1. Work out the FRET efficiency for E359 and D418 from their Cβ-Cβ distance, taking R0 = 30 Å, and round it to the nearest 0.05.
2. What net charge do the residues around P126 carry, taking every other residue with its C-beta under 9 Å from that of P126, with Lys and Arg at +1 and Asp and Glu at -1?
3. Gaussian network model of the chain, Cα springs within a sub-10 Å range: biggest mean-square fluctuation belongs to which of R386, R407, R72?
4. To the nearest 10 square angstrom, what accessible area does V352 show with a 1.4 Å probe?
5. Once you keep just the Cα pairs under 8 angstrom separated by 6 or more residues, what percentage relative contact order results for the chain?
6. Could you sort the peptides 3-14, 86-97, 261-272 by per-residue average Cβ neighbour count (10 Å cutoff), highest mean leading?
7. Provide the descending list of Cα extents for the chain along its principal axes, expressed in whole angstroms.
8. Going out from 0 in 5 Å bins, what whole percent of all Cα-Cα distances in region 217-338 drops into each bin?
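The values are calculated or read from the model by the stated rules, or taken from the named source; none is laboratory data. Being a predicted model, the structure only gives us computed values, none of them experimental. All Cβ positions, glycine included, derive from the backbone under ideal geometry; neighbour counts span all protein chains shown. When the accessible area is computed, the model is the full protein with side chains, heavy atoms only, and any ligands, DNA or RNA have been set aside. Shrake-Rupley method; radii C 1.70, N 1.55, O 1.52, S 1.80 Å.
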Amino acid sequence: MSFREDGEAALDWAARYLETVRERPVLAQIEPGELRSRLPDTAPDEPEPFAALLRDLDDVLMPALTHWQSPRFFAYFANTGSEPGILAELLAATLNQVGILWRTSPALQELEEVTLAWLAELLGLPAGWHGHIDDTASTATLSALAAARARTPDRRVVVCSEHSHSSVAKAARLLELELRPVPGDERHALRPDLLDLDGACAAVATIGTTSSTAIDPVHAVADACEAAGVWLHVDAAYAGSAAVCPELRPLFAGWERGDSVVVNPHKWLLVPMDCSTLWTRRPDDFRRAFSLVPEYLRNDAETANLSELAIPLGRRFRALKLWAVLRCYGRSGLQEMIRESIRLAALFEEWVEAEPGWEVVAPRPFSLVCFRHDGTDDENEEIMRRVNTSGEAFLSHTKLDGRLVLRLAVGNARTTEDDIRATWDALRREAARR
């Protein structure tokens, strides 16, 4: 078959998948090693048609997929690979740009700079900050803490909330920095009265923690960091997208005082994985930490290269899919999607609060509901396990105040009230079977 015919077949497959994903079991329905046993031990000797790949995608791989595109995916943080973003991924792969230097793809670098400025304005971040795209917030956090360490190399401590994302601890480990967790308050937010910045090169404040979407007191942390000369990194990987809505902007008060800020458009802004946006008011510190230009890459261009402000040398054309989403949805479309996610989460929260034997166990500032059924941790985990293995929905858990807590995270743009209701019915059914 030709590229055009194969392309049409692939696009038709993608469209049918999105049309039917609600009907599929959300969680992969196989045991470890089962897929591997169905695949050949070696690559084929002779060429195979693309149609054979699509056939095996249906017959072999499909049972091993957990469907993040499902409107009943409520685990971790739900996301959406939107149609404009999907098509832009195809175009990015077609162009196959490699952003080693500005001159190796001026369009890649300058579109990235422009779209990051657009997004900063949409979110209410300060104008003029340097922005670039990383693969994930783990890389962005590692980069920010590396820049902070290079700025004050005699300081070897990172301070953060006990509820900070594990990527902070991993970055500290990789950078050989000491991690100093700060206890949380009754709302699971960092307690600024216990903040100890002695010997610290950086502190991390989170807006929307992973376990419960708690909001650290960014202004108080910023005051302490400014007084001590400590770098402030603001982790808004999940929640940051919500700042596109003016009524939610107060929840982000103080993030403009950060030295670096990370937001993941691939979590709650319709951009397919992977697209994590990092802004900094201190690009020179990033350049001092990361710029290393060998002779074979030197040129006479008078513009900075993004590779000099980030960990990787090569970068792909991620800005194309962010650009596509921002253009095809616009400010109003993004706001509508965020507001609907929050409305559905609030509705689920109301049902839990009204149901005897169930409780909401943490504040809900965004679209994550933390809840549990009366009973032991094991009983709650079993309720979740049975719902997940049924394929009707997929939820995850955490621990708050020493108790296992169920999490329902709304964030898929295809999720409807019917999907929320069906999941709540499944939870109540499995709880009644105890």
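1. Details: r = 25 Å, r/R0 = 0.82.
Rounded to the nearest 0.05, the efficiency is 0.75.
2. Working: positive: R281; negative: E256.
Its environment carries a net charge of 0.
3. Of R386, R407, R72, the most mobile in the Gaussian network model is R386.
4. Answer for V352: close to 0 Å² accessible.
5. Relative CO of the chain lands at 21 percent.
6. Working: 3-14: 12.6, 86-97: 15.6, 261-272: 28.3.
My ranking of the peptides, most packed first, is 261-272, 86-97, 3-14.
7. Principal extents (Cα only, largest first): 61, 60, 44 Å.
8. Reading the bins upward from 0: 2, 10, 15, 18, 17, 15, 12, 7, 3, 1, 0.
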